[in-house]
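The structure appears below as structure tokens.
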Amino acid sequence: MKQKNLFESQIKDPLASRLRPRTLDEYVGQEHLVAKNRILWQMIKNDVIPSMIFWGPPGVGKTTLARIIAHTSQSEFIDFSAVTSGIKDIKAVMKKAEERRENGIKTIVFVDEIHRFNKAQQDAFLPYVEKGSIILIGATTENPSFEINSALLSRCKVFVLNALTADDILKLLHQALHDERGYGQQNIHIADDCLTMIAMFANGDARTALNILEMVIINSRKENDEIFVSKEIIEQCTNTKSLLYDKKGEEHYNLISALHKSMRNSDVDAAIYWLARMLEAGEDPLYVARRLVRFASEDIGMADSHALQIAIAGYQACHFLGMPECSVHLTHVVTYLSLSVKSNALYTAYEAAKKDAIHSLAEPVPLHLRNAPTRLMKELDYGKGYQYAHHYAEKLTTMTCLPESMEDVSYYHPTDSGSEIKVKQRLEQIKKWKKEHK
């Protein structure tokens, strides 16, 4: 057995490693999976573990769940690295697993970052998963549908893990301060708003939050046996100002409102400024990107349908790159949306239709619009009188598609902005034709 030398014995494991939960009771987050009597809770408690994939962003507990399974299962547990292992290593492990299976011993193989395996490496697992020689548990931050072979994926249950909430992160930070494996034996003074700053900056990543807390405490002011943590030291350690910003407080909504209204007013400089305020304060770029996708249809819509494509592309860029690289992509989208022609015709159309839909939920679907897959339905006149537009020269019919009581209702009123001028002309042409042929 290798003995630690003097220097090694003085080095502590990182806080995130020391505090890794050992049981489901210590695990924080993912209640939809591991709360009592939920599906994964039952699998772990009953030691009935299928091959599965944990899919979610970094720092949400994928590897931790695998470790908990390792501690509770009556199976041999093998930790496999997708970065350093090749096909030869896989086959060697599989051979031993097959020998254990013949002796009645199950083998669980955990592969972190399984998306890093190429097709040949993934294929090497397939026959052993099929035969039941191993139970495969993979962890990935990438969409399994795109990164894992369909044959292997079809034999695994996919569990989606969500980013931790700010409350989840705060719970972990409090645990770190009181757990003996963390700072439970030290006298640390840190205000709740300082913990909130760390939780917000971590953006759903437990590992990031604990790493920041550790760095902050190491670098904070010490007097006798007490440690005093200030906002200033947190800002220095995260290289981020708090900027009066709380992602779940009023200023969060004030800033996104300022960004939205600046774009609506075509004030590109103001929009870029408010974007920078949000990002530099630690806002999740995907949240901003989602708001921009909404804006593209709510405030521009058919006046420039390309705006929605630009916004979606911006969201995808944020997903691929993250901060700080994606800041330029968000600036691209904000600038395009700010300078685009504006129309809220789609927004007003839906809001008007929503009111009618709520008050007319009992209105039956007209018979001629219903499908008739059975003989009985046909006898009840389902589909009778339906007019298939493609059978007509103009690709138009006089058939009504609204309930009888709402026959003359109109929701969408295109404006004279941008491409919506052509849309307006087309709509008027359709209405005129239908009126003439009715």
Original post:
Which of the residues that make up the stretch 98-130 are among the hydrophobic types (A, V, I, L, M, F, W, C), farther than 17 Å from E142 by Cα and within 35 Å of the chain's Cα centre (by Cα)?
Top reply: I108, V109, A120, A124, F125, L126, V129
Subject >> Residues of the stretch 95-106 satisfying the condition of being assigned to a helix (DSSP H, G or I) and of a type in the set (G, A, S) >> reply: A97
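Go through L213, L255 for me and flag whichever is over 23 Å from S340 (Cα atoms) and modelled with pLDDT of 85 or more. Talk me through it step by step, then tell me what you get.
Working: L255 fails: over 23 Å from S340 (Cα atoms).
The match here is L213.
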Subject >> Options T23, T64; residue that is hydroxyl-bearing (S, T, Y) and open to solvent by 30 Å² or more (accessible area, probe 1.4 Å) >> reply: T23
**OP:** Hey, can you tell me all the residues within the stretch 371-430 that are closer than 17 Å to A353 by Cβ and not in a helix (DSSP H, G or I)?
**Re:** T400, C401, L402, P403, E407, D408, V409, S410, Y411, Y412, H413, P414
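How many residues are hydrophobic (A, V, I, L, M, F, W, C), outside any helix (DSSP H, G or I) and in contact with a Phe, Trp or Tyr (Cβ under 8 Å, 6 or more places away or on another chain) if we restrict to the stretch 46-94?
Taking the stretch 46-94 as the starting set, the residues that turn out to be hydrophobic (A, V, I, L, M, F, W, C) are 48-49, 52-55, 60, 65-66, 68-70, 77-78, 80, 82-83, 87, 90, 92-94.
Subsequent filtering for residues that are outside any helix (DSSP H, G or I) retains 48-49, 52-55, 60, 77-78, 80, 82-83.
Narrowing further to those that are in contact with a Phe, Trp or Tyr (Cβ under 8 Å, 6 or more places away or on another chain): 52-55, 77-78, 80, 82.
Number of matching residues: 8.
If I ask for residues that are open to solvent by 30 Å² or more (accessible area, probe 1.4 Å) and under 20 Å from F125 (Cα atoms), which ones from the stretch 50-61 would you list?
Step one: list which residues in the stretch 50-61 are open to solvent by 30 Å² or more (accessible area, probe 1.4 Å), which gives 50, 55, 57-58.
Answer for the stretch 50-61, where residues must be open to solvent by 30 Å² or more (accessible area, probe 1.4 Å) and under 20 Å from F125 (Cα atoms): P50, W55.
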Subject >> Residues (open to solvent by less than 40 Å² (accessible area, probe 1.4 Å), without any contact (Cβ under 8 Å) to a residue 24 or more places away in the chain and not hydrophobic (A, V, I, L, M, F, W, C)) located in the stretch 388-419 >> reply: T397
Original post:
Applying the selection to the stretch 94-127, what residues are farther than 19 Å from E147 by Cα, open to solvent by 30 Å² or more (accessible area, probe 1.4 Å) and of a type in the set (A, V, I, L, M, F, W, C)?
Top reply: I105
Subject >> Matching residues in the stretch 67-93 - criterion: being crowded, with 18+ Cβ neighbours inside 10 Å, farther than 21 Å from Y27 by Cα and among the β-branched types (V, I, T) >> reply: I90, V93
**OP:** Need at least 1 residues that are touching a helix residue (DSSP H, G or I) at 6+ places or on another chain (Cβ under 9 Å) and in contact (Cβ under 8 Å) with a residue 60 or more places away in the chain per element, so show me which strands (runs of 3 or more DSSP E) inside the stretch 107-209 make the cut, counting only ones lying wholly within it.
**Re:** 135-140, 157-160
**OP:** Can you tell me which residue within the stretch 157-174, out of those that are surrounded by fewer than 20 Cβ atoms within 10 Å (Cβ to Cβ) and more than 18 Å from N203 (Cα to Cα), is nearest to the chain's Cα centre (by Cα)?
**Re:** V158
Original post:
If L136 satisfies every condition in (1) aliphatic (A, V, I, L, M); (2) modelled with pLDDT of 90 or more; (3) over 30 Å from N224 (Cα atoms) but one, which is the exception?
Top reply: (2)
Original post:
Where residues in the stretch 258-297 are over 24 Å from Q309 (Cβ atoms) and modelled with pLDDT under 85, which of them is nearest to the chain's Cα centre (by Cα)?
Top reply: G282
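Restricting the search to the stretch 213-228, which residues are surrounded by fewer than 21 Cβ atoms within 10 Å (Cβ to Cβ) and either among the hydrophobic types (A, V, I, L, M, F, W, C) or more than 28 Å from the chain's Cα centre (by Cα) (or both)? Explain how you work it out, then say what you get.
Looking only at the stretch 213-228, we keep the residues that are surrounded by fewer than 21 Cβ atoms within 10 Å (Cβ to Cβ), and these are 214-215, 218-228.
If the condition is that a residue be surrounded by fewer than 21 Cβ atoms within 10 Å (Cβ to Cβ) and either among the hydrophobic types (A, V, I, L, M, F, W, C) or more than 28 Å from the chain's Cα centre (by Cα) (or both), then M215, I218, N219, S220, R221, K222, E223, N224, D225, E226, I227, F228 are the ones that fit.
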Original post:
Just one of the numbered conditions (1) more than 22 Å from S150 (Cβ to Cβ); (2) in contact with a Gly (Cβ under 7 Å, 6 or more places away or on another chain) is not true of I69; which one?
Top reply: (2)
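Can you spot a residue in the stretch 358-372 that is touching a Cys at 6+ places or on another chain (Cβ under 7 Å) and closer than 30 Å to Q236 by Cβ? Quick ask: steps written out before the conclusion?
Initially, the stretch 358-372 is screened for residues touching a Cys at 6+ places or on another chain (Cβ under 7 Å), giving 369.
Now narrow it down to the ones that are closer than 30 Å to Q236 by Cβ: none.
For the stretch 358-372, residues touching a Cys at 6+ places or on another chain (Cβ under 7 Å) and closer than 30 Å to Q236 by Cβ: absent.
If I filter the stretch 140-156 down to residues being more than 14 Å from G56 (Cβ to Cβ) and not hydrophobic (A, V, I, L, M, F, W, C), which single residue comes out as least open to solvent (accessible area, probe 1.4 Å)?
As a first pass, look at the stretch 140-156 and keep what is more than 14 Å from G56 (Cβ to Cβ): 145-146, 148-156.
Imposing the further condition that a residue be not hydrophobic (A, V, I, L, M, F, W, C) reduces the set to 145, 149-150, 154-155.
Numbers: S145: 82, N149: 32, S150: 94, S154: 86, R155: 97 Å².
Among those that are more than 14 Å from G56 (Cβ to Cβ) and not hydrophobic (A, V, I, L, M, F, W, C), it is N149.
Closer than 30 Å to D168 by Cβ, at pLDDT 80 or above, under 28 Å from the mean Cα position of the chain (by Cα) and surrounded by 20 or more Cβ atoms within 10 Å (Cβ to Cβ): does that describe M43? First the steps, then the outcome.
Details: closer than 30 Å to D168 by Cβ: yes; at pLDDT 80 or above: yes; under 28 Å from the mean Cα position of the chain (by Cα): yes; surrounded by 20 or more Cβ atoms within 10 Å (Cβ to Cβ): no.
The answer is no for M43.
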Subject >> Index of the failed condition, G301 passing every other in (1) out of contact with any Gly (no Cβ under 8 Å at 6 or more places or on another chain); (2) at pLDDT below 90; (3) under 27 Å from T400 (Cα atoms) >> reply: (2)
**OP:** Give the stretch 360-387 a look and list any residue that's open to solvent by 100 Å² or more (accessible area, probe 1.4 Å) and under 25 Å from E428 (Cα atoms), or say none.
**Re:** Y386
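The values are calculated or read from the model by the stated rules, or taken from the named source; none is laboratory data. What you are looking at is a predicted structure, and each value in this text was computed from that prediction instead of being measured. Cβ coordinates were reconstructed from backbone atoms using ideal geometry, including for glycine residues, and neighbour counts include every protein chain displayed. Calculation scope for accessible area: heavy atoms of the full protein, side chains included, ligands and nucleic acids excluded. Shrake-Rupley method; radii C 1.70, N 1.55, O 1.52, S 1.80 Å.
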